[in-house]
1. If you bin every alpha carbon distance in region 140-203 into 5 Å steps from zero, what whole percent lands in each bin?
2. How fast does region 210-276 diffuse by Stokes-Einstein, in µm²/s, taking the Kirkwood radius from C-alpha pairs at 37 °C and 0.692 mPa s?
3. Viscosity 0.692 mPa s, temperature 37 °C: what is the translational diffusion coefficient of region 54-199 from Stokes-Einstein with a Kirkwood Rh over Cα pairs, rounded to a whole number of µm²/s?
4. Would you please give the FRET efficiency between residue 247 and residue 122, computed as 1/(1 + (r/R0)^6) with r the Cβ-Cβ distance and R0 = 25 Å, to the nearest 0.05?
5. With a point put 7 Å past each Cα toward its Cβ, work out how far residue 104 is from residue 171 in nm, to one decimal.
6. So how exposed is residue 36, as accessible area in Å² (1.4 Å probe, rounded to 10)?
7. Using the Cα atoms of region 107-156 to build a convex hull, what is its mean projected area in square nanometres?
8. Could you check the spin-label model distance between residue 32 and residue 266? Points 7 Å from the Cα along Cα→Cβ, value in nm.
Amino acid sequence: MVSNFDVVILGAAAIDHVARVARLPGVDEMVFADEYTRYAGGSGANIAAGLAKLGRSVAFLGKTGDDEVGRWLEKEMNVSGIDTGAMTTVAGGKSASCFIALDDQGNRVIYALGGSALLENVDELDLPLITGSRVICISDAYIPVAAAAATAARINGKTVFFIPGGLMVTHGLKDLDPILKSTNVLVVSRNEANILVGDCSPNEVGLSLREAGPEIVVVTLGADGAIFVSEKGIEMVSAIKTSVMDTTGAGDAFTAGLINAYLDDLSGADALEMGCAMAAIKISHFGATGGLPNKLELERFIEMRNSL
């Protein structure tokens, strides 16, 4: 598949079964759910949805089963503007799913139920799709597959964003080295960064991670905002205060804003601002991709915030 896409996402798509409760139950305790809803989720698919809503052309590389859930996920992604032509459908496979309990304060517990979601072998990669895009964003992925995708993109002069997430960082820097050495922009949360390099300040972990290969390291700090570490130094932007309804997908929305800013050639500080704005809008809505803004809505949100 030949590509002229702005972004190719290598990651996972999953269905999120979300139960809203007044409070999370304790051990051996039952609470009644006020509402149950299902949403399209998966970190990679969430990032893709955010970018597509902003008007970017986006293709997705991942898997689903050939079950009802897989068909529903692909339909939802297509409706969101994501190209799924390179996705793989596993015959007899079960699509990935999660169960999420969400309380009135936005706190949650997540149970991953597994399923077919990730490309498992390097030969499953659509390399022309990757090398023909402007950016490849690697989210959930097996290390050999992610490394092959990152290497091919970097050799062909494309920009590689790597968002390893909580599971991939547990492999450690040594195992992630084949990906990191081909990464342009690494995006991690404060907790993920501390797993990789130890418990130290955000600035220290950012500088340390940059020594591992990435040209730019972005560390998200939740309610404290985010930092952008590059050869020019360290820039920081504060988070935007807003009402919190559901934090699911906040980091993915941030990443979509960050990549969108990169495509527009914005500065580090402006990229962080766009990412934080995307996250703030998202957490004030339910669902992993709830409330994601289009380009005009995002610009107006940022303008309104800057005018305060």
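The values are calculated or read from the model by the stated rules, or taken from the named source; none is laboratory data. None of these values were measured; they are calculated from a predicted model. Here Cβ is always computed from backbone atoms with ideal geometry, including for glycine, and neighbour counts include all displayed protein chains. Each accessible area value is taken on the protein alone, full model and side chains, heavy atoms only, with ligands, DNA and RNA left out. Shrake-Rupley method; radii C 1.70, N 1.55, O 1.52, S 1.80 Å.
1. The percentages, shortest bin first, are 3, 19, 30, 24, 14, 7, 2, 0.
2. On the way: Rh = 12.3 Å.
Once the numbers are plugged in, D ends up at 267 µm²/s.
3. Values: Rh = 16.7 Å.
Diffusion coefficient, whole number: 197 µm²/s.
4. On the way: r = 34 Å, r/R0 = 1.36.
Between residue 247 and residue 122 the formula returns 0.15.
5. Rounded to a tenth, the inter-label distance reads 4.3 nm.
6. Accessible area of residue 36: about 130 Å².
7. Result: a mean projected hull area of 4.9 nm².
8. 4.5
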